[in-house]
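The values are calculated or read from the model by the stated rules, or taken from the named source; none is laboratory data. Fair warning: this is a prediction, and the values are worked out from it, not measured in the lab. Neighbour counts run over all protein chains shown; Cβ positions are idealised from the backbone, glycine included.
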Amino acid sequence: MCAGCFIHLLADARLKEEQATCPNCRCEISKSLCCRNLAVEKAVSELPAECPYCMQQFPRAQLQRHQSNECQDRLTQCRYRRIGCRWQGPFHELIGHESECSHPIQTGRELLAVLDEMDQNRIKEMQLYSSIFSMLSYENIGYTEVQFRPYRTDDFITRLYYETQRLTVLNQTWVLKARVNDSERNPNLSCKRTLSFQLILKSKVSSPLECSFLLLEGPYDAVQIKPVIYHFVFTNDTNETDYVPLPIVDSVECNKLLAAKNINLRLFLFQRQK
């Protein structure tokens, strides 16, 4: 099977608390029991595959190059999209469109609205980096590698959840928990997979502890995460954050985490000073 289906199969087995098995012969399979079959990969690369744009067939190994550079029906955007043109169409129509596109001859006043929108989007993108740079000036900063291990609830229909061991960061003890699809009843029946996590303070504090925190890709797992900074004020009475999304890119990346034996990430904590 292909790598994508293999990861999906392992993730489904994790959600259903079953041993992953081959859908053909039912033998047990896992990452440690399986390896790449280079002979089959080579044979598959020579099989014909259909281009979704022009419907012509090419050897699978050549399909990506055809779709990127050669296909006359591939989806293309106008080069004036940077100044507001939203046209999309087949490549063979691109020259005709650009020769008639009205955006290059717009007045400065007409372009100003487009540029303002671009500036606003750019400001939103830079806010994250500005926040991180600002937090780097905090007096107390800590980070650690965290390992989420899978567990099952004691319900009649058990649910998968993840939890870390106790961590010491900023001279305090913490625990992280994570759940799949916000603990819906049968996440294995859903094509969309998400993870959310909760940060819990296990230490007693003498005064409110205001922190910013985020989870990033760890040194051992290759998963795409878009950084999101969360904020919370911890006290002895409110020592648990709400479950917040783990900002992985899509369900494919989520399946990569679910298929792994453990989930390895990196936690950053920034203590705000009053």
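When each of THR173, THR144, THR158 is tested for being assigned to a strand (DSSP E or B) and farther than 17 Å from GLY218 by Cα, the lone residue that passes is THR173. Could you please give the count of residues in segment 230-259 that are within 15 Å of the chain's Cα centre (by Cα) and in a loop (DSSP other than H, G, I, E, B)? Counting residues in segment 230-259 that are within 15 Å of the chain's Cα centre (by Cα) and in a loop (DSSP other than H, G, I, E, B) gives 4.
Scan segment 181-196 and tell me whether some residue there is assigned to a loop (DSSP other than H, G, I, E, B) and in contact with a strand residue (DSSP E or B) (Cβ under 9 Å, 6 or more places away or on another chain). Yes. The residue that is farthest from the chain's Cα centre (by Cα), among those in segment 167-185 that are exposed (fewer than 12 other Cβ atoms within 10 Å of the Cβ) and farther than 15 Å from VAL244 by Cβ, is ASN171. Among the residues making up segment 13-54, a single one is surrounded by fewer than 13 Cβ atoms within 10 Å (Cβ to Cβ) and in contact with a Pro (Cβ under 6 Å, 6 or more places away or on another chain): GLU46. Could you list all residues from segment 186-229 that are under 13 Å from the mean Cα position of the chain (by Cα), modelled with pLDDT under 90 and among the polar types (S, T, N, Q)? Of everything in segment 186-229, just one residue is under 13 Å from the mean Cα position of the chain (by Cα), modelled with pLDDT under 90 and among the polar types (S, T, N, Q), namely GLN224. Note on segment 164-204: among residues that are out of contact with any Asp or Glu (no Cβ under 6 Å at 6 or more places or on another chain) and of a type in the set (Lys, Arg), the one that is farthest from VAL252 (Cα to Cα) is LYS204. What do you reckon, is GLN67 surrounded by 16 or more Cβ atoms within 10 Å (Cβ to Cβ) and either within 29 Å of LEU265 (Cα to Cα) or touching a Ser or Thr at 6+ places or on another chain (Cβ under 8 Å) (or both)? Judged against the criteria, GLN67 is not a match. Any residue at all in segment 133-140 that's assigned to a helix (DSSP H, G or I), hydroxyl-bearing (Ser, Thr, Tyr), surrounded by 10 or more Cβ atoms within 10 Å (Cβ to Cβ) and touching a residue at least 24 places away in the same chain (Cβ under 8 Å)? Within segment 133-140, none of the residues are assigned to a helix (DSSP H, G or I), hydroxyl-bearing (Ser, Thr, Tyr), surrounded by 10 or more Cβ atoms within 10 Å (Cβ to Cβ) and touching a residue at least 24 places away in the same chain (Cβ under 8 Å).
Within the set GLU217, GLU184, GLU163, the sole residue that is within 19 Å of PHE268 (Cα to Cα), out of contact with any Pro (no Cβ under 8 Å at 6 or more places or on another chain) and without any contact (Cβ under 8 Å) to a residue 24 or more places away in the chain turns out to be GLU163. Of the residues making up segment 189-201, those that are in contact (Cβ under 8 Å) with a residue 12 or more places away in the chain and more than 30 Å from TRP174 (Cβ to Cβ) number 1. Could you look through segment 244-274, keep only residues that are surrounded by fewer than 18 Cβ atoms within 10 Å (Cβ to Cβ) and of a type in the set (S, T, N, Q), and pick out the one that is farthest from LEU176 (Cα to Cα)? Only one residue tops the list, namely GLN273. The lone criterion from (1) surrounded by fewer than 16 Cβ atoms within 10 Å (Cβ to Cβ); (2) in contact with a strand residue (DSSP E or B) (Cβ under 9 Å, 6 or more places away or on another chain) left unmet by CYS78 is number (1). Based on what the data block shows, is ARG166 assigned by TED's automatic domain parsing to the domain that holds LYS256, at pLDDT 90 or above and on the phi < 0 side of the Ramachandran plot? Spelling it out, ARG166 is indeed assigned by TED's automatic domain parsing to the domain that holds LYS256, at pLDDT 90 or above and on the phi < 0 side of the Ramachandran plot.
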